[in-house]
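To keep things clear, I will list the structure first and then write my remarks on it.
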Amino acid sequence: MIVNGVDVTALSQTLDAIRQDPKLGAFQFRASNTWLGGGLNRSTIDRFYGAGQEQTRPKPFSFSADEPPVLLGGDSGANPVEFVLHALAACLTTTMAYHAAARGIEIRSISSALEGDLDLRGFLGLSDDVRKGYHHVRVKLRVQSDAPAEQLEALAKFSSVYDIVSNSLPVEVTVEIHR
């Protein structure tokens, strides 16, 4: 059975498999990145670990990030904080569609508009009192469905990226020097 473009039978089988063997739910996603000069860099997404084994995509994904000219970049791609907005929108959308499908809730369309407020003084080191990243993000999801907005909002908040950006998490950064 397909609901919201999701194979609910396969989804139920996946859920049952993870219930029976919780280790199947452990995933590790990876990205590699290379600086190309100025604000331009490129990330590649290829392999990941999931469902108990290494997974390789048939074709790697590549994303360029850059800064707009007003931030001294060449505007060759969205900047990293814009990618965060994209990741949040994409994950909220996918999560809502999947969780709704699992519950038999039909969704006819989902669109969203996001805004993130950031004060460069933190990033530039000009003020210790200003956060380096977004200090507020607003998401407006427009959904065509017969389900109540509160229920759909609750389903969307199962999003992994929503959890990442709305809660603190440890991030370990190391630098290796190669001469």
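Condition check ((1) part of a helix (DSSP H, G or I); (2) loosely packed, with under 14 Cβ neighbours inside 10 Å; (3) not polar (S, T, N, Q)) across all residues:
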| position | (1), (2), (3) |
| --- | --- |
| SER64 | no, yes, no |
| GLU67 | no, no, yes |
| THR95 | yes, no, no |
| HIS99 | yes, no, yes |
| SER127 | no, yes, no |
| TYR134 | no, no, yes |
| VAL137 | no, no, yes |
| GLN144 | no, yes, no |
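Tell me, which residue of the range 99-132 that is closer than 16 Å to LEU88 by Cβ and among the hydroxyl-bearing types (Ser, Thr, Tyr) is farthest from the chain's Cα centre (by Cα)?
Ranking the candidates gives SER111 first.
Do you know which residues across the range 80-93 are surrounded by fewer than 17 Cβ atoms within 10 Å (Cβ to Cβ) and not hydrophobic (A, V, I, L, M, F, W, C)?
Hits for the range 80-93 are PRO80, GLU82, HIS86.
Hey, can you tell me all the residues within the range 147-179 that are under 27 Å from ILE105 (Cα atoms) and part of a loop (DSSP other than H, G, I, E, B)?
Across the range 147-179, the qualifying residues are ALA147, PRO148, LYS157, PHE158, SER159.
What are the pairs, 6+ residues apart or on separate chains, where a residue within the range 79-91 that is on the phi > 0 side of the Ramachandran plot has its Cβ under 6 Å from a residue that is modelled with pLDDT under 95 and open to solvent by 40 Å² or more (accessible area, probe 1.4 Å)?
Once the first residue is on the phi > 0 side of the Ramachandran plot and sits in the range 79-91, no partner that is modelled with pLDDT under 95 and open to solvent by 40 Å² or more (accessible area, probe 1.4 Å) comes close enough.
This table checks each residue for (1) in a helix (DSSP H, G or I); (2) closer than 19 Å to ILE107 by Cβ.
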{"position": "THR9", "(1), (2)": "yes, yes"}
{"position": "GLN13", "(1), (2)": "yes, no"}
{"position": "ARG19", "(1), (2)": "yes, no"}
{"position": "LEU24", "(1), (2)": "yes, no"}
{"position": "ASN33", "(1), (2)": "no, no"}
{"position": "LEU36", "(1), (2)": "no, no"}
{"position": "ARG42", "(1), (2)": "no, no"}
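Which residues, counting only those in the range 95-147, are in contact with a strand residue (DSSP E or B) (Cβ under 9 Å, 6 or more places away or on another chain) and at positive phi?
GLY104
The values are calculated or read from the model by the stated rules, or taken from the named source; none is laboratory data. The structure displayed is predicted, hence computed values, not measured ones. Note that we place each Cβ from the backbone using ideal geometry, even for glycine, and neighbour counts take in every protein chain shown. Surface accessibility is based on the protein's heavy atoms, side chains included, excluding ligands, DNA and RNA. Shrake-Rupley method; radii C 1.70, N 1.55, O 1.52, S 1.80 Å.
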